[in-house]
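What follows is one structure encoded as structure tokens, with my remarks underneath.
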Amino acid sequence: MPRRLTQQQREERAATKAAKNAEKRKKEFQKRRRVLDRALCREMRYYQKETDKAEFKSPGAEQQVAWTEKKKCTKCEQLKSKMIFKKNDCGGGNIFRSNRRRNRRPDCRTCYDRVIQGKKKAKACAKRLGIPFKAPEGTVCRLCSKPGTESNSLVFDHHHELDVFRGYCCNRCNIGMGTLGDNVTSITRVLKYMNETEGISKEQLMTMLFN
């Protein structure tokens, strides 16, 4: 039979367990604090670096106003507080827009997170099929047929509704598709609009689409 612990031993074990849990919580808190500190310092550097371009002189001052202002999500088309939209650094270059406000993503956090989850599913599906996430050497953009560069690299493109891999596109073309709606219906509207000027025949369009 297992030896029964004395009251003192049980108290010592409980104290040891509590101390370990407290140390674990302390480390987690310190880790989260370091992450937040780095993010805050990065934000402060943005405002100091671009002080002549920014309407506000600190992230806190802008956030106080941003909570009360509304912005329309490009995906769900709902009006939401600007603070619901993630910050968009665009590679660290376009920090502040022409209105001197902090640049933010066009889609809200909920829609953005949904896209990220979809991308993870697409990556997992591609992995099962042996398709690498990074474009192989010599790959060119599926749209402009140009190779990736340091400033315009090739990215893993996926269908945002079906969550499947579509191909490798350069960053500019990928952003362009997203801006135009990222689906056949929206791109067709653009095509019809442009063809009002160019006047390409239906036969030529069909050849271009399916050749």
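The values are calculated or read from the model by the stated rules, or taken from the named source; none is laboratory data. In this text, all values refer to a predicted model and were calculated from it rather than measured experimentally. Cβ placement follows ideal geometry from the backbone for every residue including glycine, while neighbour counts extend to all protein chains displayed.
Might you check whether a residue that is within 17 Å of the chain's Cα centre (by Cα) and surrounded by 12 or more Cβ atoms within 10 Å (Cβ to Cβ) occurs anywhere in region 183-203? For region 183-203, residues within 17 Å of the chain's Cα centre (by Cα) and surrounded by 12 or more Cβ atoms within 10 Å (Cβ to Cβ): absent. With respect to the stated conditions, residue 150 is under 21 Å from the mean Cα position of the chain (by Cα) and modelled with pLDDT of 85 or more. Filtered by the rule that a residue be at pLDDT below 90 and buried (at least 19 other Cβ atoms within 10 Å of the Cβ), region 161-171 gives a lone residue, 165. Within region 123-147, being basic (Lys, Arg) and modelled with pLDDT of 90 or more holds for 142, 146.
Residue 108 falls short on exactly one of the conditions (1) surrounded by 14 or more Cβ atoms within 10 Å (Cβ to Cβ); (2) closer than 25 Å to residue 78 by Cα; (3) at pLDDT below 90, and that condition is (3).
Table: residues versus (1) modelled with pLDDT of 80 or more; (2) under 30 Å from residue 61 (Cβ atoms); (3) among the aliphatic types (A, V, I, L, M).
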| position | (1), (2), (3) |
| --- | --- |
| 4 | no, no, no |
| 11 | yes, no, no |
| 22 | yes, no, yes |
| 27 | yes, no, no |
| 30 | yes, yes, no |
| 34 | yes, yes, no |
| 41 | no, yes, no |
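Within region 62-102, being within 28 Å of residue 158 (Cα to Cα), part of a loop (DSSP other than H, G, I, E, B) and either at pLDDT 80 or above or among the aliphatic types (A, V, I, L, M) (or both) holds for 73, 74, 75, 76, 77, 78, 85, 86, 95. For region 150-211, list the helices (runs of 4 or more DSSP H) that sit wholly inside it and hold at least 1 residues that are under 24 Å from residue 123 (Cβ atoms) and among the hydroxyl-bearing types (Ser, Thr, Tyr); which are they? Once the helices (runs of 4 or more DSSP H) in region 150-211 are filtered for at least 1 residues that are under 24 Å from residue 123 (Cβ atoms) and among the hydroxyl-bearing types (Ser, Thr, Tyr), what remains is 171-179.
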